[in-house]
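See structure below.
The values are calculated or read from the model by the stated rules, or taken from the named source; none is laboratory data. Note that the coordinates shown come from a computational prediction; the quantities given were computed from them, not determined experimentally. Cβ atoms come from the backbone with ideal geometry, glycine included; neighbour counts cover every protein chain shown.
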């Protein structure tokens, strides 16, 4: 059981309002049609007496309901939007292109529609995503020993100052501040839910964050200031291991992370983070659950602060902590991403259960 579902009345109100707080956390099964949907489905709303609510897609299917063809509950929500699908494909085909609003308009898309769709699903606009993609090209050039000028050209920025400004805004330092021989090195890791930055020493992973996390520049500046000689750029073995394990994770092949981690925080924070690591992939806990697990049942707010201070995303799975009522609550990487992470882990859990059932006794 991932969490106790809120009352059917609360979930029905969420269905009527298309409230995304429970999207992916609960599904509605409509008895009059035999179909199950996301709570954000745009279809006409069924009568209350025709609805039951279940926590997983698997439960809906086992009860004999078919997936809705409008909200496609078997897919990630963003994949249902043809505008997003088309623009993401174009971005992959032309990662070095300096995309602009006139480019989008020439494709026949309404600018405000595109902006809203990308903000809703990814927490950033398409143009912000395209710029981030170009910055990755420049970062990887620097990691291979290229000059700042070469990195700027590879990232298709119009001037050195524009590249430096964009780089510093995202990473909290100028590209020239990252040396190739640092004792701690920054690595850019692409994933299916957005690019991540990893900071590792030769023995441990110290930071793993999505690059669009608002607090990332400040975190990197702090790490830069406390690292003798400053941060470098490139991959140590822990970052290589992390990249490999993330590939398996996002492909729903494995939920295990064995990369050695360096946790920077108080003893209390570390106790919370260790408790987070005990939550199995495919399950969730509330802040109150974690507080009780560490023996301090009244420290719910402190647990929430520790959760938000975690600098090693996914491997210390703060995304598995939800509200006591089953809502997603806050996540620095964006609620859309938190929902998708939980969906990935549900798929993984279901796959592993099926594999176990197929093994002869």
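Structure notes:
- The helices (runs of 4 or more DSSP H) found wholly in the stretch 275-361 and carrying at least 2 residues that are over 29 Å from residue 8 (Cα atoms), in contact with a helix residue (DSSP H, G or I) (Cβ under 7 Å, 6 or more places away or on another chain) and not assigned by TED's automatic domain parsing to the domain that holds residue 25 occupy 300-308.
- Between 312, 279, 290, the distinction of being in contact with a strand residue (DSSP E or B) (Cβ under 9 Å, 6 or more places away or on another chain) and over 23 Å from residue 196 (Cα atoms) belongs to 290 only.
- Any hit, the stretch 228-236, residues being surrounded by 20 or more Cβ atoms within 10 Å (Cβ to Cβ), assigned to a strand (DSSP E or B) and touching a helix residue (DSSP H, G or I) at 6+ places or on another chain (Cβ under 9 Å): yes
- Of the criteria (1) within 23 Å of the chain's Cα centre (by Cα); (2) modelled with pLDDT under 85, which one residue 39 fails: (2)
- So residue 55, is it modelled with pLDDT under 85, assigned by TED's automatic domain parsing to the domain that holds residue 23, closer than 19 Å to residue 19 by Cβ and out of contact with any helix residue (DSSP H, G or I) (no Cβ under 8 Å at 6 or more places or on another chain): yes
- Close pairs (8 angstrom Cβ cut-off, 6 or more residues apart or separate chains): within 16 Å of residue 267 (Cα to Cα) in the stretch 285-300, part of a strand (DSSP E or B) anywhere: 290/321; 293/285
- Test result for residue 351, surrounded by 20 or more Cβ atoms within 10 Å (Cβ to Cβ), farther than 22 Å from residue 200 by Cα and in contact (Cβ under 8 Å) with a residue 60 or more places away in the chain: no
- Scanning the stretch 1-14 for residues that are part of a loop (DSSP other than H, G, I, E, B), over 22 Å from the mean Cα position of the chain (by Cα) and buried (at least 19 other Cβ atoms within 10 Å of the Cβ) yields a single hit, 6.
- In the stretch 15-40, of all residues being over 19 Å from residue 326 (Cα atoms) and out of contact with any helix residue (DSSP H, G or I) (no Cβ under 7 Å at 6 or more places or on another chain), the one that is surrounded by the most Cβ atoms within 10 Å (Cβ to Cβ) corresponds to 35.
- Screening residue 254 with (1) touching a residue at least 40 places away in the same chain (Cβ under 8 Å); (2) more than 30 Å from residue 128 (Cα to Cα); (3) assigned to a helix (DSSP H, G or I) gives one miss only, at (3).
- Residue in the stretch 258-276 that is free of Cβ contacts under 8 Å to residues at least 60 places away in the same chain, within 17 Å of the chain's Cα centre (by Cα) and over 29 Å from residue 118 (Cβ atoms) present: yes
- Check on residue 183, within 24 Å of residue 241 (Cα to Cα), modelled with pLDDT of 85 or more and not assigned by TED's automatic domain parsing to the domain that holds residue 343: yes
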